[in-house]
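The values are calculated or read from the model by the stated rules, or taken from the named source; none is laboratory data. The model shown is predicted, which means the values in this text are computed figures rather than measured ones. Reconstructed Cβ throughout: ideal geometry from the backbone, glycine too, with neighbour counts over all protein chains shown.
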Amino acid sequence: MDREPKGSRADGEETLERAIVLQLLRDDHERKWSRAQLAIELQADGEEIDKETIDEAVMRLEREGVLGATEQEVWASSAAWRLDELELIGV
């Protein structure tokens, strides 16, 4: 299995990926998010994140099976939801 060694990814990339997953697992929102909605929520804390950076993070997470995505929408995978139900995903 090709896995990157821990610590090889930039901290900023991991932080953004965590933020994306946590947004998609919110229970106060529908399971599918538009990419625009996701970008708005990610920028709610005042930090400007460009669309390309978000798209790259979404592609990485989709490639790993953490989420699903189309041109318009993103959603947490069934596996991510199950891990959240088992309380294995936390802040």
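A search for C-beta distances below 8 Å between a residue of the range 71-91 that is under 18 Å from His29 (Cα atoms) and any residue that is exposed (fewer than 11 other Cβ atoms within 10 Å of the Cβ), counting only pairs 6+ apart in sequence or on different chains, returns nothing.
Picking from residues in the range 62-91 that are of a type in the set (A, V, I, L, M) and part of a loop (DSSP other than H, G, I, E, B), the one that is modelled with the highest pLDDT is Val66. Scan the range 63-91 for residues that are surrounded by 15 or more Cβ atoms within 10 Å (Cβ to Cβ) and closer than 15 Å to Glu17 by Cα and the total you get is 10. For the range 16-61, residues that are in a loop (DSSP other than H, G, I, E, B), of a type in the set (D, E, K, R) and under 21 Å from Asp84 (Cβ atoms) total 6.
Screening Leu42 on (1) surrounded by fewer than 17 Cβ atoms within 10 Å (Cβ to Cβ); (2) under 21 Å from Ala10 (Cβ atoms); (3) modelled with pLDDT under 95 shows it passes everything except condition (1).
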